[in-house]
Amino acid sequence: MFDTRRLVCALPRALAGLGLFLVSGVAAADYALNFQRPVTEIAADLYDLHMLIFWVCVVIFVVVFTIMFYAVFSHRKSRGAKAASFHESTTLEVIWTVIPFVILIGMAIPSTRTLLKMEDTTGADMTVNITAYQWKWEYEYPDSGVHFFSTLATPRAQILNQEEKGEHYLLEVDNELVLPVGRKIRFSLTANDVIHAWWVPQLGVKKDAIPGFINEMWTRIDEPGVYRGQCAELCGKDHGFMPIVVRAVAPAEFDAWVAAQKGVASAEAAQADKTWSREELIARGEKVYAQCAACHGPTGQGVPNVFPAIAGSAIATGPVDGHLDRVMNGKPGTAMQAFAEQLNDIDIAAVVTFQRNAFGNSVGDSVQPSDVKARRQ
Amino acid sequence: MADAHHHDGPPAGFTRWLYTTNHKDIGTLYLWFALTMFIFGGLMALVIRSELWQPGMQIVTPQFFNQMTTVHALVMIFGGVMPAFVGLANWLLPMMIGAPDMALPRMNNWSFWLLPPAATLLTLSLFMPGGGPAGGWTLYPPLSVQGGMGVDFTILSIHMLGISSILGSINIIATILNMRAPGMTLMKMPLFVWTWFITAFLLLAVMPVLAGAVTMLLTDRHFGTHFFDPSGGGDPVLFQHVFWFFGHPEVYILVLPAFGVLSHVIPTFARKPLFGYTSMVFATATIAFLSFIVWAHHMYTVGMPMAGELFFMYATMLIAVPTGVKVFNWVSTMWRGSMTFETPMLYAIAVVFLFTMGGLSGLMLSITPADFQYHDTYFVVAHFHYVIFPASVMGAMCAVYFWLPKWTGNMYDEKLGKLHFWLTVIGFNLTFFPQHFLGLAGMPRRIPDYALQFTEFNQWSTAGAFLLAASQLVFIWVVVKCVRGGEKATDQVWEGAEGLEWTIPSPAPYHTFATPPTVK
């Protein structure tokens, strides 16, 4: 397990990186020693502010410890140093109270300016609503009604070291948040269960998503590209497994994407009215089950004493009504969410059908999207 | 020195420790307890670092990983550092102020014996259905409301630890105010006494606040209240405000007594009086005051009003001023001294150096807009370990090396002490320095698995953690060896040592200052 070869290879690289970091802050980005390359004005401001304060700290540190180590090397008994007996100096004490104070004021001015700019969410061109769940993100574009969930796309086998890890291991999602470049985008942020935090370092944007609160933040992305981030507030067992991926595209491309999403939604709505075969439902349900697997496990075994198993469970093998009720309305006071708000009729019908006929459960029945629709009313 | 009406020596056997009201015995109990918890917390840190050796889940589940980060923090803070300094206070305060014992000896016994059951409860939580607390030591709801019975064990354990701290603080304040030898005015008190005096007030002020917060959590969990539940009209952010009103002064509770220790050790080995005694006292008091008005810098990202974000930024930046005064005073004490570098002095210099690094990264974190990027990343993990490990842990070790000859009557093994020092400093920096880079590059804290670009520095960190842990075996060996024998210590022990504790014989007799000395 301890790969010493890798460690030995890393050593000179990291040392070289350390040197570069001290010489040039920008070049250091390649060595993952400093902030990621900023792609918004705010992120660039934050980078500059961060480096300014960093250098002020370095200068203070070097001055203080040059003096201390000079004393350590020169004023030692073994060199015959005789101890002086002074033990106060009002002048000195006033000086070293006042100088730090002045330095602090010098830091506070640019910091205040950046903060005011960062928190100014007025004049936005568009809004995106973000809702955090254990352990996924929901994105909604209120202008067009487009709305989807975004979950980790890294295969479980990679996490469990059964497959080689991909380039964007843990930083890849099924549905990316697509945003236009050059427009001021206001995010309105909340959470459904516990506190999360939405963070994309290259955008310079981070804020907590808190149930019962709506927080605001904004960004204007300068260049097209894919920007990756993660949940930053501990939110339970899969806190490390709910990444954020933003794809910034040209405005025209963005408009085309929105139109395409609307098309997908209406096609989906048409499908909801047809009658599905059990096989179709199970095939689709298996995909939807990825959402359930976060707690109930990929094989439906759950986690003893924490998350109940679906395999052989009384609900998943009992009457359809009770099963649908639990999936659609959740169980208050636990991590079991009300999926009626998160999944469409087809997905609910599919996943319930799948659960009743997988992991050794063999009820043999199926649930139609129309049944789900009827329950919603 | 011993009074003829009192027993000279301690009773034998286990009951000596169970029934003892002697400040030296109780101090010893506290210190051994702290060492035990330090090892326990360290083992949990090794579980964390082992899992983070490489990307992917190898050793533990994500849920257990979260339990380890949570319990590691609680054990180190409440079981390791706080009892270590209460132990030092018990041993040293009466000897430093010329008192025969603590003011309230029976309560002293009770405040120690609350700790083992509290620690047991906390440990047992890991074996409850659903496991131990896994929501971080900050216990933020709603996440902590989701946890199993382990969270309730933790809450009860925190209550017991809190009661112990409050009783200990009352005792310390009562001792300092009432038991000083004739002639020892407040402004003649040694600095360790001063820093503990101020720390005790901090504890009295904030432990009840923590108790209130966790009690509200308990009633939210079991008795249908909705203090922190938005669906019942509650407010999850309220918990964070209340918690950090405790949590920030707590940081100074952990480091102020160590500042006191440095103010004894540095003048001793520089053979020169402490520079700026009065400003040290006032700087300590100022830090204590400021610690009450900066709490929300732990939660800049919750979405506070602009006025709040600015206020907490400015107030937090101000802490740099009195902290700077302390560092400048220590450096000035060394200046034109006649220094020697025995193990306690090495520790003291390393504490000043490393703690200042933590202080400066703290200054970076105080800048609200920049903190939005640092918050909840490994940069924060690196920062607070650079504050707490040097100041609190290495500060306590510094104190142990400094006073161990007085306690045992034997000199510790200087070679082993220095070996322990260098291994600890190298291990510590190897563990935590790379974490600055990880955080800046975007690695969130409290994650059990990470993206590939973070691998190298995590491996440095894990290698450092094992070195750091292994070097503590040297510490245990030095202490055990010194307790069992060694070169006899003189009464003064160190050439430059000054203070009442150095006027009594080594080892310190079971009862000291039955007749108070007179301080000029």
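The values are calculated or read from the model by the stated rules, or taken from the named source; none is laboratory data. The structure presented is a predicted model; accordingly, all values stated were derived computationally and were not measured. Cβ sites come from the backbone with ideal geometry, for glycine too, and all protein chains shown count toward neighbours.
Of note:
The rows are residues; the columns are (1) of a type in the set (A, V, I, L, M, F, W, C); (2) out of contact with any Pro (no Cβ under 9 Å at 6 or more places or on another chain); (3) surrounded by 20 or more Cβ atoms within 10 Å (Cβ to Cβ).
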{"residue": "B:Phe33", "(1), (2), (3)": "yes, no, yes"}
{"residue": "B:Phe38", "(1), (2), (3)": "yes, yes, yes"}
{"residue": "B:Ser50", "(1), (2), (3)": "no, yes, no"}
{"residue": "B:Leu74", "(1), (2), (3)": "yes, no, yes"}
{"residue": "B:Met82", "(1), (2), (3)": "yes, yes, yes"}
{"residue": "B:Phe85", "(1), (2), (3)": "yes, no, yes"}
{"residue": "B:Trp91", "(1), (2), (3)": "yes, yes, yes"}
{"residue": "B:Trp110", "(1), (2), (3)": "yes, yes, no"}
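- Cβ pairs under 8 Å, 6+ apart, first in the stretch A:333-361 and within 14 Å of chain B (Cβ to nearest Cβ), second modelled with pLDDT under 90 and buried (at least 18 other Cβ atoms within 10 Å of the Cβ): A:Thr334/B:Gln146; A:Ala335/A:Cys295; A:Ala335/A:Phe307; A:Ala335/B:Gln146; A:Met336/A:Cys295; A:Met336/A:Gly330; A:Gln337/A:Gly330; A:Ala338/A:Gly330
- Scope the stretch A:339-371; condition out of contact with any Lys or Arg (no Cβ under 9 Å at 6 or more places or on another chain), assigned to a loop (DSSP other than H, G, I, E, B) and loosely packed, with under 15 Cβ neighbours inside 10 Å; matching residues: A:Gly360
- Flag for A:Ser313 being at pLDDT below 90, part of a loop (DSSP other than H, G, I, E, B), more than 14 Å from chain B (Cβ to nearest Cβ) and farther than 30 Å from B:Arg445 by Cα: yes
- Residue count, the stretch B:287-303 (criterion: buried (at least 19 other Cβ atoms within 10 Å of the Cβ) and more than 9 Å from chain A (Cβ to nearest Cβ)): 10
- From B:Thr123, B:Thr175, residue being in contact (Cβ under 8 Å) with a residue 60 or more places away in the chain, in a helix (DSSP H, G or I) and surrounded by fewer than 18 Cβ atoms within 10 Å (Cβ to Cβ): B:Thr123
- Matching helices (runs of 4 or more DSSP H) fully within the stretch A:223-309 where at least 1 residues are among the hydroxyl-bearing types (Ser, Thr, Tyr), under 25 Å from the mean Cα position of the chain (by Cα) and modelled with pLDDT of 85 or more: none
- Figure legend. Inter-residue proximity from the stretch A:149-167: first residues without any contact (Cβ under 8 Å) to a residue 40 or more places away in the chain, second residues assigned to a helix (DSSP H, G or I), beta-carbon distance below 6 Å, spacing 6+ or different chains. Indicated pairs: A:Glu163/A:Ala157; A:Lys165/A:Gln158.
- Summed over the stretch A:166-207, residues that are within 7 Å of chain B (Cβ to nearest Cβ) and under 19 Å from B:Ala441 (Cβ atoms) total 7.
- Yes/no for B:Gly183 being away from chain A (no Cβ under 14 Å) and either in a helix (DSSP H, G or I) or closer than 30 Å to A:Thr190 by Cβ (or both): no
- Of all positions in the stretch B:222-232, none carries a residue that is polar (S, T, N, Q), in contact with a helix residue (DSSP H, G or I) (Cβ under 9 Å, 6 or more places away or on another chain) and in a helix (DSSP H, G or I).
- Extreme residue, surrounded by the most Cβ atoms within 10 Å (Cβ to Cβ), among residues of the stretch A:107-149 that are among the small types (Gly, Ala, Ser) and either modelled with pLDDT under 95 or assigned to a loop (DSSP other than H, G, I, E, B) (or both): A:Ala124
- Answer from A:Ala14, A:Ala29 - the residue that is modelled with pLDDT under 50, in a helix (DSSP H, G or I), under 29 Å from the mean Cα position of the chain (by Cα) and among the hydrophobic types (A, V, I, L, M, F, W, C): A:Ala29
- Residue in the stretch A:53-70 that is buried (at least 19 other Cβ atoms within 10 Å of the Cβ), more than 30 Å from A:Pro243 (Cα to Cα), touching a residue at least 40 places away in the same chain (Cβ under 8 Å) and at the interface with chain B (Cβ under 9 Å from one of its Cβ atoms) present: yes
- One residue from A:Phe35, A:Phe86 being aromatic (Phe, Trp, Tyr) and within 7 Å of chain B (Cβ to nearest Cβ): A:Phe35
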